[in-house]
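Novice: Mind having a look at this structure? Questions to follow.
The values are calculated or read from the model by the stated rules, or taken from the named source; none is laboratory data. From a predicted model like this one, the values you see are computed outputs, not experimental measurements. Cβ atoms come from the backbone with ideal geometry, glycine included; neighbour counts cover every protein chain shown.
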Amino acid sequence: MKRILISFVFLYSLISATTGLGEEKWQEQSSSHFLIYYKEAPLDFIKTVEENAEEYYNEITSNLGFTRYDSWTWDKRAIIYIYNDADDYIKSSKQANWSHGAASVHEKIIRTFPSAHGFFDSTLPHELGHIIFREFVGLYADVPTWFDEGVAMYQEKAKRWGTNKIVRQAMAEERFIPLNKLSTLRLNNKTERETVDLFYAEAASVVYFLMTEFGQSRFVSFCRELKEGHPFEVALKSVYVRFDNIEELNKRWVIYLEQ
């Protein structure tokens, strides 16, 4: 009996560590591809999260032109944690105070809160974009942070078209950050909000440029090169033959924005 009790305690601890339940009173809502954990959010909101997540699951794969090899069902379902508010989210998930959502791509976990800015139009598709992109190219693919974020931003419909204006304004005000510097920029809790916003705007603009000017099929080929382990600039030169390196991509992108 003692052995059974010890085994039960160990199993409960393992489940708590995996799901993040622990001593907190989380409630669960499940769907075909997602497990949604929440505390005080109303059930109708959680139901809407479930419906939107399922729609984005298919839509994002189609947007990127990816073929899905591994379905998110049963024990492979993605997990979404809905914290009560921004304070609960930032404190519990240890994110920057400007963050509205975060994705742990290896565990397929999304953390966010109901009042996150543009929850259904921005936060949810953005974080799902991170997971689906990394599921395709692999966790250890050589991908600059700005490109990873740009792919995620591309899933936010408003950001596909609205960011070019922001980048052009930064160019006019001489605040523009070239891609070689964008690749070394690390955002944290001390980063100025203006820099954070410009980082994401530029990231979205570059991916939009690649998608619209060169097409989805070439983008998929580029991602396959990354998936096969090729360095970012090697893959770039192989697929986008006009770009020998990031500096050349930056030059062509700037010309595109100035037209």
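Novice: Quick one: what pairs do we get from region 200-219, first residue in the same structural domain as Arg252 (by TED's automatic domain parsing), second assigned to a helix (DSSP H, G or I) and polar (S, T, N, Q), C-beta under 8 Å, 6+ apart or different chains?
Specialist: From residues that are in the same structural domain as Arg252 (by TED's automatic domain parsing), the pairs are Tyr200/Thr163; Ala201/Thr163; Glu202/Thr163; Ala204/Thr163; Ser205/Thr163; Ser205/Asn164; Tyr208/Thr163; Tyr208/Asn164.
Novice: Within region 42-88, track down each residue that is among the hydrophobic types (A, V, I, L, M, F, W, C) and within 24 Å of Arg224 (Cα to Cα).
Specialist: The initial filter retains those residues of region 42-88 that are among the hydrophobic types (A, V, I, L, M, F, W, C), namely 43, 45-46, 49, 53, 60, 64, 66, 72, 74, 78-80, 82, 86.
Of everything in region 42-88, those that are among the hydrophobic types (A, V, I, L, M, F, W, C) and within 24 Å of Arg224 (Cα to Cα) turn out to be Ile60, Leu64, Phe66, Trp72, Ala78.
Residue by residue, here is whether (1) touching a helix residue (DSSP H, G or I) at 6+ places or on another chain (Cβ under 7 Å); (2) surrounded by 14 or more Cβ atoms within 10 Å (Cβ to Cβ); (3) on the phi > 0 side of the Ramachandran plot; (4) at pLDDT 95 or above holds:
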| site | (1), (2), (3), (4) |
| --- | --- |
| Thr18 | no, no, no, no |
| Glu24 | no, no, no, no |
| Asp44 | no, no, no, yes |
| Gly65 | yes, yes, yes, no |
| Lys76 | no, no, no, no |
| Tyr83 | yes, yes, no, yes |
| Pro114 | yes, yes, no, yes |
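Novice: Glu59: in a helix (DSSP H, G or I), surrounded by 11 or more Cβ atoms within 10 Å (Cβ to Cβ) and in contact with a Ser or Thr (Cβ under 6 Å, 6 or more places away or on another chain), yes or no? So that I can check it myself, show each step before the final result.
Specialist: Values: in a helix (DSSP H, G or I): yes; surrounded by 11 or more Cβ atoms within 10 Å (Cβ to Cβ): yes; in contact with a Ser or Thr (Cβ under 6 Å, 6 or more places away or on another chain): no.
No: the conditions fail for Glu59.
Novice: For the list (1) surrounded by fewer than 15 Cβ atoms within 10 Å (Cβ to Cβ); (2) at pLDDT 95 or above; (3) of a type in the set (S, T, N, Q), I need the number of the one condition that Thr145 fails.
Specialist: (1)
Novice: Still on this model: Of everything in region 77-91, what is touching a residue at least 12 places away in the same chain (Cβ under 8 Å) and of a type outside the set (A, V, I, L, M, F, W, C)? Give them in sequence order. Please lay out each step first, then the result.
Specialist: The first filter runs over region 77-91 and keeps only residues touching a residue at least 12 places away in the same chain (Cβ under 8 Å), leaving 77-86, 88-89.
Once the filter is applied, which keeps residues that are touching a residue at least 12 places away in the same chain (Cβ under 8 Å) and of a type outside the set (A, V, I, L, M, F, W, C), region 77-91 yields Arg77, Tyr81, Tyr83, Asn84, Asp85, Asp88, Tyr89.
Novice: Taking the condition outside the structural domain of Phe133 (by TED's automatic domain parsing), in contact with an Asp or Glu (Cβ under 8 Å, 6 or more places away or on another chain) and small (Gly, Ala, Ser), does Ala172 pass?
Specialist: Values: outside the structural domain of Phe133 (by TED's automatic domain parsing): yes; in contact with an Asp or Glu (Cβ under 8 Å, 6 or more places away or on another chain): no; small (Gly, Ala, Ser): yes.
No; evaluated as a whole, the condition is false for this residue.
Novice: On to the next question. Here is a list of conditions, (1) within 13 Å of the chain's Cα centre (by Cα); (2) under 18 Å from Met211 (Cβ atoms), and Thr123 meets all of them except one; can you say which number that is?
Specialist: The one condition Thr123 does not meet is (2).
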